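Shown below is the structure under consideration.
Just so you know, all these numbers are worked out from the coordinates, no wet-lab data involved. Just so you know, these numbers come straight off a predicted model, no measurement behind them. Virtual Cβ from ideal backbone geometry, glycine too; neighbours counted across all protein chains shown.
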Amino acid sequence: MGLQMSRERLEVYIRDNRVDAKILVFDKLTRTVEDAEKRLGITRERIIKSILFVDEKGVPILAIVSGDRKVSEEKLARACGTSEVRVARPSAVKSLTGYEAGALPPIGHKKPIRTFIDPKVLGFEKVYGGGGAINALLEIAPQDIKTLANAEVVDVSEG
């Protein structure tokens, strides 16, 4: 499945769920928080990271934190009630979600994934995250992410 297809799938998901969100497409990559910051000219707190982890049984878990923070694997494991979590390999991200690791949106995955959203993310009216392609960003209200992903609001971040 090409990059275009992944972005289109996300667009269909947004439309089908009647979400007030949009995908911004750029002529340069938006793989990192720094890239997104440059393209949008906003502070990194409003750029979210959606990072896929797996527990010791290989069960996927999505953690969403603001761009100025890291995911605390310890806090995430505790929130899941599991002994440890690790970042999913890019091949696992692609097979479990349908998206490349650098383009992973917080919503619209192939199958529902247990999702944790850091409370700090919910403090913004709009946030920007992976847009389904490595040159796209999703603009969305964090409250919509919470609802659509059925996300649990838990402090899973560290400086």
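What's the extension gain from Met5 to Lys22 if we count 0.36 nm per residue and subtract their Cα-Cα distance?
In short, 4.5 nm is gained.
If you don't mind, another one. For a quick check, take a GNM of the chain with Cα springs below 10 Å and name the residue from Asp16, Asp118, Asp55 with the largest mean-square fluctuation.
Of the options given, Asp16 has the highest mean-square fluctuation.
Per-residue ellipticity at 222 nm for the chain, helices alone: DSSP H runs ≥ 4 residues times -39500 (n - 2.57), over residue total, nearest 500 deg cm²/dmol?
Only helices count here, giving -8000 deg cm²/dmol.
Antiparallel as a % of all DSSP beta bridges within the chain, to the nearest 5?
Bridges in the chain are about 75 percent antiparallel.
Compute the signed sum of charges (Lys and Arg +1, Asp and Glu -1) over the other residues within less than 15 Å, Cβ to Cβ, of Ser91. Can you show the working numbers first?
Details: positive: Arg86, Arg89, Lys94, Lys110; negative: Glu100.
Result for the local shell: +3.
Now for a different question. Quick one: of Lys22/Lys111; Lys28/Lys94; Lys49/Lys94; Lys38/Lys70, which pairs are farther than 18 Å apart, Cα to Cα? Spell out each step's value before the answer.
Working: Lys22/Lys111 21 Å; Lys28/Lys94 21 Å; Lys49/Lys94 16 Å; Lys38/Lys70 20 Å.
Too far apart for the 18 Å limit: Lys22/Lys111; Lys28/Lys94; Lys38/Lys70.
Next question, about the same structure. Contact order normalised by length for segment 3-158, with contacts defined as Cα pairs under 8 Å and 6 or more residues apart; what percent is it?
Worked out over segment 3-158, it gives 30 percent.
Net charge near Arg15: determine it from the other residues with C-beta under 15 Å of the C-beta of Arg15, scoring Lys and Arg +1 and Asp and Glu -1.
Local charge sum for Arg15: -2.
Report the FRET efficiency, 1/(1 + (r/R0)^6), for Asp155 and Val12, where r is their Cβ-Cβ distance and R0 is 30 Å, rounded to 0.05.
For Asp155 and Val12, the calculated efficiency is 0.35.
Calculate the spin-label point distance for Gln143 paired with Arg89, positioning each point 7 Å from the Cα along the beta-carbon direction, and give it in nanometres.
4.2 nm
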